[in-house]
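Chemist: Structure provided below as structure tokens; questions to follow.
The values are calculated or read from the model by the stated rules, or taken from the named source; none is laboratory data. Only a predicted model underlies this, so the values are computations on that prediction, with no experimental measurement involved. When we count neighbours, we look across all protein chains shown, and the Cβ atoms used for this are built from the backbone with ideal geometry, even at glycine. Note: areas computed on protein heavy atoms with side chains; ligands, DNA, RNA excluded. Shrake-Rupley method; radii C 1.70, N 1.55, O 1.52, S 1.80 Å.
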Amino acid sequence: MVQKRHACQSYPHFLHGADYNPEQWLHDKSIWDVDMALMQQANCNEMSVGIFSWAKLEPREGEYDFSFLDEIIEKIHSNGGKVILATPSGARPRWLAEKYPEVLRVGHDGVREHFRGRHNHCYTSPVYREKVGAINRKLAERYGNHPAVVAWHISNEYSGECRCPLCQEAFRNFLREKYDNDIQKLNLAWWTTFWSKTFDSFDQIEAPGKHTENGLHGLNLDWRRFVTHQTKDFILAECAPIRELSPKLPVTINMMFEFYDLNYHQLADAIDIASWDSYPEWHNGDDAVIAQKTAFWHDLYRSLKKRPFLLMESTPSLVNWKSYNKPKKPGMDVLSAMQAVAHGSDSVQYFQWRKSRGSSEKLHGAVVGHDGTGDTRVFRSVQKTGQILKQIDEICGTLTQAKAAIVFDWENMWALDDAQGYANVGKQYMNTCYEYHRVFWEKGIDCDIISPKADLSGYALVVAPMLYMTDEETIENLKQYVAAGGTLYGTYMLGTVNETDLCWLGGMPGGALKEVFGILAEEIDTLYPHEQQHAGMGDREFTLVDYCEVIHAKGARVLAEYADGWYAGMPAATENRYGKGLAVYQACRDREGLKDALLDRLIRDAGIQPNLPCALPHGVTAHSRTDGVHTYIFVENYSDQTVEEVALPGSMTDLLTGENVTSVQLPPYGFGIFRKE
Ligand code: GLA
Ligand code: GLA
């Protein structure tokens, strides 16, 4: 039986708030009182504080001054609000960088940065770890059991890498451990005989970079793994005093959209709840496409911990860092907030509460602008979102039970990008994952985004697009899933290399995947951008672009055949019964059509129910959450057209009007939220 699992157990309600930087207004604290009144007016019940406050909290080494934080937390608390408290490691005070230069990062050129910017500390530096640990301990001692504090926001948007001598040595130690201190083992794993790259000792290894060896794929991959490992180690070090002194509160890190540098699947076990900062480029083209890509990341963050996540940041209007910074149109403000909730968020939070007066973010959107009032379009839309969150509070903590999943893997993305071959102008891994996700989104089917090593047993259908890198564990996981009755959908390039980026021997896809799929892949035709091929399935023909893999059916049933080219008549898609399950293979990249047709049938055969009983018009989708007793369905319209009538699965309660309805009409950028008993 499904039960609620609130992101913040100590406050089982939707959080509606923002990043709040009251320390910027210490010279005029009357602003704080205005803020408190406006927060109530905006239906906000939470503020994230302390994110960049280190210089105020520890103005000189070892001299702490928590007075502003004491005061603001008390103020928020006495006004009925909650606090997400940050650790301040995202930006350090000047004294720290001046006294201990080792906390500053070193770049590709070996040059150490000066004190500047933020999000740029060395994650290996023992001094930085010690200083962060000390202030985190003070914060946890002081506020770790404060009734207003509901969660810990660890640092801010971890990213990037450092190439200082400490990191280089930590990298070598990471490799020593991984390869059992045996340099020959590493030489074989990285295939260093190629171009005479053999290492005699671990001491000779340097981080790959612009001016250092960067052609050994195993080295490049292991460096990226190390960066994730070291960042995770830093996060765990940050969390240690917090977990010790504030064990009841969850810790989170705020993650990002299309983020490349760190493998978030690895970071997931360092945190209790996932949260992310979502800044889609709304209105730059078809909003349905933008919504679906955003949905992919909401789905990923929900899947990361298999429980509600937090939307930690979003803009109430516009950002300041894109090429063109356009405000959300009326309607999209509230709809985009509800989208996060539809996909499993227990919060809607903004960057930022009040616009800073100076520096780089002074033109970034905020709930309260430089006018300092609640009398703006943006403020009123925030107020409305807060009102709706109160009306639907029973949904907080409910879960999404997706029967379909898409495998997305950072290590696979890195390996594909490193691969010289196929199309070197870009393999389009991310876009291909989006394309498979689109099929589910357009049908209004809930879909998880998971690691190849995830437990697959709860899914009726798993799609693994372009899973080029498959280690033994992944091969075994996929094999067991199909053997036990699952339906697995793989594509061209599946199982090409192993975990250190060595090609599998004995034919592709590697290892047991050949038997699972009942095929043998022989070569790939990479198409020029102006070329197209075709595949026929029954009486339908589909356009193919970019990649046509030439495969042989070795036991698999052929579902589609190439219609032209020198491989005409050969299989373009196959299916194979394996154990109690089914393995479907798509050998080519289609431009919409083939994947839709194949998935259409597989979704039906796997018994996966869309959330709504009808085909959805362009731009409309539906997602669900449940507490095991009630099912909540969110219907969302990302088009600027009115959608006349969308049928619901029977009579449902409209949570916004209280009426019983069987269908919904959606205005442009409109949505509805319904409860099925
Ligand atoms: C050149 C080099 C070879 C090899 C080929 C690949 O000809 O001499 O070592 O790299 O390119 O096409
Ligand atoms: C990120 C950061 C915030 C702020 C916003 C601006 O999400 O975490 O501090 O800079 O971007 O969009």
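Chemist: Give me the Debye-computed log₁₀ of I(q)/I(0) at q = 0.24, 0.30, 0.31, 0.34 Å⁻¹ for segment 327-370, equal point scatterers on Cα only, no solvent, two decimals.
Modeler: Evaluating at q = 0.24, 0.30, 0.31, 0.34 Å⁻¹ gives log10 I(q)/I(0) of -0.87, -1.03, -1.05, -1.13.
Chemist: LYS210 versus GLU63, label points 7 Å from Cα toward the beta carbon: distance in nm?
Modeler: Between LYS210 and GLU63, the label points sit 3.9 nm apart.
Chemist: With runs of 4+ DSSP H residues as the only contributors, calculate the mean residue ellipticity of the chain at 222 nm using -39,500 (n - 2.57) per run, divided by the residue total and rounded to the nearest 500.
Modeler: Estimated from H runs of four or more residues: -9500 deg cm²/dmol.
Chemist: Please compute the Kirkwood hydrodynamic radius over segment 89-147, one decimal place, Å, based on all pairs of different Cα atoms.
Modeler: Evaluated over segment 89-147, this radius sits at 12.5 Å.
Chemist: OK, next. So for the pair ARG137, GLN391, with labels modelled 7 Å out along Cα→Cβ, what separation do we get in nm?
Modeler: Taking the simple label geometry, ARG137 and GLN391 are separated by 5.0 nm.
Chemist: Next question, about the same structure. Measuring with a 1.4 Å probe in the full set of protein chains, what accessible area per residue, in whole Å², belongs to segment 248-329?
Modeler: 33 Å²
Chemist: Across the Cα atoms of segment 457-520, what radius of gyration and what greatest pairwise Cα-Cα distance (Dmax) are found, in Å?
Modeler: In order Rg, Dmax, the Cα atoms of segment 457-520 give 11.0, 32 Å.
Chemist: Would you kindly state how much longer the chain becomes between LYS676 and LYS248 on full extension, computed as 0.36 nm times their sequence separation minus their alpha carbon distance, in nm to one decimal?
Modeler: 150.7 nm
Chemist: Moving on to the next point. At 0.36 nm per residue, minus the direct Cα-Cα distance, what do HIS119 and ASP455 gain on full extension? Give it in nm, one decimal, please.
Modeler: 117.6 nm
Chemist: Can you figure out the FRET efficiency of MET1 with THR198, using R₀ = 56 Å and their beta-carbon distance, to the nearest 0.05?
Modeler: Efficiency computed from Cβ-Cβ geometry: 0.45.
Chemist: Report, in cubic angstrom per residue, the convex hull volume of the C-alpha atoms of segment 292-338.
Modeler: 97 Å³
Chemist: Please report, in whole Å³, the volume per residue of the convex hull around the C-alpha atoms of segment 251-311.
Modeler: Taking the convex hull of the Cα positions in segment 251-311, it is 78 Å³ per residue.
Chemist: Over segment 231-379, calculate the relative contact order: mean separation of alpha carbon pairs under 8 Å at least 6 apart, over the residue count, as a percent.
Modeler: Value for segment 231-379: 19 percent.
Chemist: From zero outward in steps of 5 Å, how is the percent of C-alpha pairs of segment 533-638 spread across the bins?
Modeler: Spelled out bin by bin, segment 533-638 gives 2, 11, 18, 17, 14, 12, 11, 8, 5, 2, 0, 0 percent.
Chemist: Subtract the Cα-Cα distance of ALA615 and ASP375 from 0.36 nm times their separation in residues, and report this length gain in nm to one decimal.
Modeler: Extra length from ALA615 to ASP375 when fully extended: 82.3 nm.
Chemist: Same structure, new question: If r is the Cβ-Cβ distance from ASN320 to GLU644 and R0 is 30 Å, what FRET efficiency results, to the nearest 0.05?
Modeler: 0.20
Chemist: While we're on this one: What's the ranking of 312-325, 442-455, 341-354 by average number of surrounding C-beta atoms within 10 Å, highest first?
Modeler: 341-354, 442-455, 312-325
Chemist: Per q in 0.16, 0.17 1/Å, what log10 I(q)/I(0) does a Debye calculation on the alpha-carbon atoms of segment 63-123 return?
Modeler: Those come out to -0.66, -0.70, one per q.
Chemist: Translational D (Stokes-Einstein, µm²/s) of segment 19-172 at 25 °C and 0.890 mPa s when Rh comes from the Kirkwood sum over C-alpha pairs?
Modeler: Estimated via Stokes-Einstein, D reaches 147 µm²/s.
Chemist: Longer than 22 Å from Cα to Cα, which of LYS178/LYS232; LYS75/LYS305; LYS131/LYS355; LYS453/LYS514; LYS328/LYS384 are they? Say none if no pair is.
Modeler: Over 22 Å Cα-Cα: LYS75/LYS305; LYS131/LYS355.
Chemist: Of the heavy-atom accessible surface of the chain (probe 1.4 angstrom), what whole percent is carbon and sulfur?
Modeler: Summing carbon and sulfur atoms, their accessible area is 49 percent of the total for the chain.
Chemist: Sorted from largest down, give the three principal axis spans of the alpha carbons of segment 353-481, whole angstrom values.
Modeler: The Cα atoms of segment 353-481 stretch 59, 40, 25 Å along their principal axes.
Chemist: Separate question: Roughly how far apart, in whole Å, are the Cα centres of segment 370-413 and segment 564-643?
Modeler: 25 Å
Chemist: How much accessible area per residue does segment 342-433 have, in Å², with a 1.4 Å probe?
Modeler: Accessible surface, normalised per residue, equals 36 Å².
Chemist: What does the convex hull of the alpha-carbon atoms of segment 174-241 project to on average, in nm²?
Modeler: Quarter of the Cα hull surface area: 5.2 nm².
Chemist: Okay, next question. What's the ranking of 598-608, 156-166 by average number of surrounding C-beta atoms within 10 Å, highest first?
Modeler: Descending mean neighbour count gives 156-166, 598-608.
Chemist: Sticking with this one: So what's the chain giving for Cα Rg divided by 2.2 N^0.38 Å, two decimals?
Modeler: 1.00
Chemist: For segment 272-381, report the translational diffusion coefficient in µm²/s to the nearest whole number, using Stokes-Einstein at 25 °C, 0.890 mPa s, and a Kirkwood Rh over Cα pairs.
Modeler: This corresponds to a translational diffusion coefficient of 170 µm²/s.
Chemist: For segment 590-662, report the translational diffusion coefficient in µm²/s to the nearest whole number, using Stokes-Einstein at 20 °C, 1.002 mPa s, and a Kirkwood Rh over Cα pairs.
Modeler: My calculation gives 149 µm²/s for D.
Chemist: Please give the FRET efficiency for GLN480 paired with LYS29, using the beta carbon to beta carbon distance and R0 = 56 Å, rounded to the nearest 0.05.
Modeler: Here the calculated transfer efficiency is 0.40.
Chemist: Oh, and also: Taking 1 over the mean of 1/r across every pair of different Cα atoms in segment 5-72, what Kirkwood radius in Å do you get?
Modeler: 13.7 Å
Chemist: Considering only protein heavy atoms, what per residue accessible area in square angstrom results for segment 581-650 with a 1.4 angstrom probe?
Modeler: Here the per-residue accessible area is 36 Å².
Chemist: Once label points are set 7 Å from the Cα along Cα→Cβ at both LYS185 and THR657, what is their separation, rounded to one decimal in nm?
Modeler: Calculated label separation equals 6.7 nm.
Chemist: Still on this structure, I have one more. Given q = 0.12, 0.20 Å⁻¹, what are the Debye log10 I(q)/I(0) values for segment 142-295, with equal point scatterers placed on the Cα positions and solvent ignored?
Modeler: Scattering profile of segment 142-295, log10 relative to I(0): -0.70, -1.17.
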